[in-house]
1. Ala56 fails exactly one of the following numbered conditions: (1) modelled with pLDDT under 95; (2) out of contact with any helix residue (DSSP H, G or I) (no Cβ under 8 Å at 6 or more places or on another chain). What is the number of that condition?
2. Determine whether the stretch 37-48 contains at least one residue that is surrounded by 13 or more Cβ atoms within 10 Å (Cβ to Cβ), in contact with a strand residue (DSSP E or B) (Cβ under 9 Å, 6 or more places away or on another chain) and not in a loop (DSSP other than H, G, I, E, B).
3. Given the condition assigned to a strand (DSSP E or B) and either surrounded by 14 or more Cβ atoms within 10 Å (Cβ to Cβ) or modelled with pLDDT of 90 or more (or both), answer yes or no: does some residue in the stretch 10-24 qualify?
Amino acid sequence: MAFRPYLAFAGNCREAFTRYQQIFGGELVLLTMADVPADAGPPPPGTKTDAIMHAALTSGDELLMGADDPSGGFGGNVSGMCVNFSVTEPAEAKRVFDALSDSGQVQVPVGQACAPTASAPLGW
């Protein structure tokens, strides 16, 4: 079984996923509300045609998805959500952390999460 994060945005999904692609690489597909087939029914009232109805960033077997919240009920505040990104190389962890931290708010600095042992990889 695989779990795939699906992130909700308050109108800045395109900006976020474009930045994620710059950081992580991969192939980015963005579908807007204007791309929804007419037979799917109308979008919620007030929905902008350039709002992202589905974003998918793929790299190998990895997939990150998201969308703008068309209801307007998102409110801009998310509480209690985290997405984990794991790598085996400390330099790559630092590169990604620094890129995601740029213009962001760091809650916990990057660092070693556990002591390396024969059975446990170095956690960053």
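The values are calculated or read from the model by the stated rules, or taken from the named source; none is laboratory data. Please read these numbers as outputs of a predicted model, since none were measured by experiment. FYI the Cβ positions are ideal-geometry reconstructions off the backbone, even for glycines, and counts take in every protein chain you see.
1. Unmet for Ala56, out of (1) modelled with pLDDT under 95; (2) out of contact with any helix residue (DSSP H, G or I) (no Cβ under 8 Å at 6 or more places or on another chain): (1).
2. no
3. no
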